[in-house]
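Input: a single structure, listed below in structure tokens.
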Amino acid sequence: MNNAGIIEAILSGRSRPEGRTPVVMCVVGRAGSGKSTYIKDKVGDAFIHIDAGSIYFEVGGEVAIDFPDSFVDDINEVGIAVCTRIMASQLDVVAEFTGADTVRMQVLIRALEDIGFEVVIKYISTDLNQATIRSMSQSETVIPAVETDDFHHSWFLEGINEWSPPDRKDSKVRAKRKLSDLLKGAKTDEKQLPGDKSADLNIDAHDVDLMSELDAALTDRDIAIRLADDDISDSEVEDLEVVRAHRARLKNKYDARAGSESRSDA
């Protein structure tokens, strides 16, 4: 089967779930913990299963010997195409991750949430000795998560990046150009108003100006799109999180004030 056929076979018959938010299930655990078994027994065919190992054997067939071998380009072509379609169509999906890099996982989770997915983390905990025995006795057709982890992370982020809503280019430009100004304003405001101010209901002109600037210049979707870019630096990730947290604080302040006023009117 060629790559296009593999892509269509993985996505065949899938549609956006009705009446609920689409789910990305991340099954996390050490090698041999039972992640694949959990997906097979508990998830089954309910979700699309993203697995670089399975795609490898589909692409390579009987000549697939040493993952990822000479099929790495084909594996990536299939994986990115499938994840892009999943993002665009908002489909339920499950994949294995080691969870070893927590920052990397947090960036992926936040980017997925910001484009409309619910992210469910299922941690599989197993005794180390049992996990070691299970890992050593695995079939040669099972590629461990430690070898597929990079593929899965990159495919999901590429899928977000390749999926292009109408304002994607504008979003990336805004994220790059406006970040420094917004960051400066957010940090200055936090210094002037230390601590958690979500319960502070005194909304002044300064707050109004800041909220208007944040909304007009950089949305949460802009931030999610920028976080999905391969060329983003660790420092920019931290800066984006500062701006996001600042917007959340201001929004909480507005919501709390609105709720207080509603109760007073009643």
Packing-based ranking, highest mean first, of 9-16, 96-103 given that Cβ atoms within 10 Å are counted: 96-103, 9-16
Formal net charge of residues neighbouring Asp92 (Cβ-Cβ distance under 14 Å; K, R +1; D, E -1): +3
Extension gain from Gln130 to Asp45, taking 0.36 nm per residue of separation minus the Cα-Cα distance: 27.9 nm
Computed E for Glu113/Ala88 - FRET, C-beta separation, R0 25 angstrom, nearest 0.05: 0.90
3J(HN,Hα) from dihedral phi, region 80-93, Karplus parametrisation 6.51/-1.76/1.60, rounded to Hz, x for glycine, proline: 5, 5, 5, 5, 5, 5, 5, 5, 5, 9, 6, 9, 5, 8
Karplus-derived HN-Hα couplings along region 16-28 (A = 6.51, B = -1.76, C = 1.60, θ = phi - 60°), whole Hz, x at Gly and Pro: 5, x, 8, x, 7, 6, x, 10, 10, 9, 9, 9, 10
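Given R₀ = 41 Å, FRET efficiency for Asp150-Ala248 by Cβ-Cβ distance, to 0.05?
0.85
Sorted by mean Cβ packing within 10 Å, highest first, what order do the peptides 43-56, 75-88, 113-126 take?
Numbers: 43-56: 18.9, 75-88: 21.7, 113-126: 15.3.
Ranked by mean Cβ neighbours within 10 Å, highest first: 75-88, 43-56, 113-126.
Here, each number is a calculation from the coordinates, and none is a lab measurement. The structure presented is a predicted model; accordingly, all values stated were derived computationally and were not measured. Quick reminder, even Gly has a Cβ in these numbers, built from the backbone with ideal geometry, and neighbours come from all protein chains shown.
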